[in-house]
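The values are calculated or read from the model by the stated rules, or taken from the named source; none is laboratory data. Predicted model, so just to flag it, every value in this text is computed and none were measured. All Cβ positions, even for glycine, are placed from backbone atoms using ideal geometry, and neighbour counts span all protein chains on display.
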Amino acid sequence: MSLLRRLWHEQRLVLVAFVVTSALALYFGGRIVARAVYWADPAHHRQLPEAWMTPGYIARSWRLP
């Protein structure tokens with residue numbers, strides 16, 4: 001009997017929990033990597049103010065008092 005089949009019959013809950021937590025770890029790990037790559041681009045650091053930006057957002061982004 002294969003290992004996976006044996007685990008499914010003997011430790012179903014543990015196997016399902018492992019698969020779910022692995023999928024969540026991959027999802028959130030992928031999000032972290034995608035955001036790190038996005039913000040590593042210098043073009044995303046100092047954007048010019050746009051109409052949707054609030055004064056508070058601009059002040060925090062440009063580190064103004």
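Among the residues of the range 33-56, write down those that are in a helix (DSSP H, G or I) and among the aliphatic types (A, V, I, L, M).
Of the residues in the range 33-56, the ones in a helix (DSSP H, G or I) are 33-40, 42-44, 55-56.
The answer is Val33, Ala34, Ala36, Val37, Ala40, Ala43.
Answer with yes or no whether Pro65 is over 22 Å from the mean Cα position of the chain (by Cα), surrounded by 10 or more Cβ atoms within 10 Å (Cβ to Cβ) and not in a helix (DSSP H, G or I).
Taking the combined requirement at face value, the residue does not satisfy it.
Only one of (1) at pLDDT below 95; (2) in a helix (DSSP H, G or I) fails for Gly30. Which number is that?
The one condition Gly30 does not meet is (1).
When you check Leu7 against the structure, is it modelled with pLDDT under 90, farther than 30 Å from Trp62 by Cα and surrounded by 10 or more Cβ atoms within 10 Å (Cβ to Cβ), yes or no?
Working: modelled with pLDDT under 90: yes; farther than 30 Å from Trp62 by Cα: yes; surrounded by 10 or more Cβ atoms within 10 Å (Cβ to Cβ): yes.
Answer is yes for this residue.
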